[in-house]
1. Is it the case that some residue within the stretch 257-267 is hydrophobic (A, V, I, L, M, F, W, C), assigned to a helix (DSSP H, G or I), modelled with pLDDT of 95 or more and under 27 Å from LYS412 (Cα atoms)?
2. Given the options ARG146, ARG168, ARG174, name the one that is closer than 20 Å to LEU218 by Cα and charged (D, E, K, R).
3. Any residue in the stretch 409-420 that is in contact (Cβ under 8 Å) with a residue 40 or more places away in the chain and assigned to a loop (DSSP other than H, G, I, E, B)?
4. When ILE136 is evaluated against the numbered criteria (1) within 16 Å of GLY368 (Cβ to Cβ); (2) at pLDDT 95 or above, which criterion, by number, is the only one it fails?
5. Could you tell me which numbered condition VAL142 fails, if it satisfies all but one of (1) within 23 Å of LEU198 (Cβ to Cβ); (2) in a loop (DSSP other than H, G, I, E, B); (3) under 24 Å from the mean Cα position of the chain (by Cα)?
6. Test ALA341 against the criterion of being more than 11 Å from the chain's Cα centre (by Cα), assigned by TED's automatic domain parsing to the domain that holds LEU294 and not β-branched (Val, Ile, Thr), and give yes or no.
7. For residues that are over 30 Å from LEU275 (Cβ atoms) and not β-branched (Val, Ile, Thr), tally how many sit in the stretch 123-146.
8. Could you check, for the stretch 390-404, whether at least one of its residues is among the hydroxyl-bearing types (Ser, Thr, Tyr), modelled with pLDDT of 95 or more and outside any loop (DSSP other than H, G, I, E, B)?
Amino acid sequence: MQNSHSAARLRVLVCAFACSPGGGPASLAGGGEAVLGWNIVRQLARFHEVVVLTHAELRSAIESGLKEAFNGNIHFHYLKLPRWLEALKGFAGGIQFYAYLWQIKAYFVARRLHRERPFDVFHHVTYANDWMASYIGALLPVPYIRGPGGGAQRVPKAFLAGFSRRGRFWEHVRSVGQQVLRHDPIFMLGQRRARAILVCTPESLFTIPERWRTKAQLFPVNGITSEDLRLTERNNRADSPTRVWPHENGQFNGSQKPFRVLSAGKLLELKAFDLAIRAFQLFVQKAPTATFTLIGDGPESGRLRKLTQELGLDGKVRIEKWMSREELLQAMAQSDVFLFASLRDGGGAVVIEAMAAGMPVVCLDHAGPAMHVTEKCGIKVQPRHPDQAIKEMAEALFCLYRDAELRLQMGKAARERAERSYHWERHGDCLLEVYRRVLHVEGDLPARSSEHAESIATTS
């Protein structure tokens, strides 16, 4: 191990199965995982020499991004499995099995590279699910850091009854499969060897056996950039915040501009956009000028459109196709409240992006979003039962609708929290502190890194 000072660099090996500046292709189930890999690598490269093992399918996107993002102290090695195994990616759940086999190949490449020029540390970044084995972490004789990752979050039991038969089946398979894989000898060896285990939800933290939990800490899998903050500045909004006025009967509605509720994400059953639409139906009865825009694509699209028609919400609810990240951020900057009813998001990148846009968030008090949103920047609803959650989300929307001052205060606090606790450079500073602590590396650290870690750990 190098006993480095602040000017020295470690030689870091990173395993990032998914790693791409714009998100990975659907065949790799990339999306947020690929963006996580890219940004963690980018932050590590601020301080160290970094060698990255990633999937060959991402080469073109990575090399385009390298022209702008890095300064020569990073090197990528592209790996893929034999062509006859590529078919695994086309089956439900097959990508996980494919990634597991890919990790084995990555180990042999890592062993060769380590013999040619030794590494100071290995960091497994993606897939760092809290049940996925890392062969490099378990077997390569260098200090090992894992994460951030998650996986332990579950759909609350009362909500499973509303899932399709197929949806309930796959939730069961997921749960059983994770339990089995957490007892994989390679996974357990890696957990024993790890110097630090970074996890993205409290559920994943408490799933770690007590004998290893002292090595674990909360660390988000999502973040924002300075450009994101620029795009979502309040003075970029199309108009001033909506004002509301009371009717004689004590109800409220918008005076001039509609009250704009926004949600976004992949249209999957577990995202529970049907609950969000039903909550909006209750809310709009008291706020007849309100509108709800849902941005996303996915297999639930047809069912959600049909539900909108059945509830008589044509003209009130719009379901729009997924758009570029820049367009989404601008849409957020022109909306009033972000509604997110997902039932088991480990990350929830759109929640942090909405906070950066100065939007108060209404979400379930569960998994990743519950960690991001505090009582100062949004309203969290306990997920005890679907009917109860729908009713309380509608009440939360109405609370923010009728109280413009509260809405502004929460929006301001949300943006401040996003900038303070979720900027990728803050994540990088915190990673530097983790490295120093567990690898006993000397050198100065930014003072804000400890504050960042404390802020992330605040879950209410």
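The values are calculated or read from the model by the stated rules, or taken from the named source; none is laboratory data. Since this is a predicted model, take the numbers as computed values, not measurements. Here Cβ is always computed from backbone atoms with ideal geometry, including for glycine, and neighbour counts include all displayed protein chains.
1. No, there is no match, as no residue in the stretch 257-267 is hydrophobic (A, V, I, L, M, F, W, C), assigned to a helix (DSSP H, G or I), modelled with pLDDT of 95 or more and under 27 Å from LYS412 (Cα atoms).
2. Unique residue meeting the criteria: ARG146.
3. no
4. With (1) within 16 Å of GLY368 (Cβ to Cβ); (2) at pLDDT 95 or above applied to ILE136, the lone miss is (1).
5. Only one criterion is unmet by VAL142, namely (3).
6. So ALA341 passes the test.
7. Of the residues in the stretch 123-146, 13 are over 30 Å from LEU275 (Cβ atoms) and not β-branched (Val, Ile, Thr).
8. Checked against the condition, which is being among the hydroxyl-bearing types (Ser, Thr, Tyr), modelled with pLDDT of 95 or more and outside any loop (DSSP other than H, G, I, E, B), the stretch 390-404 yields at least one hit.
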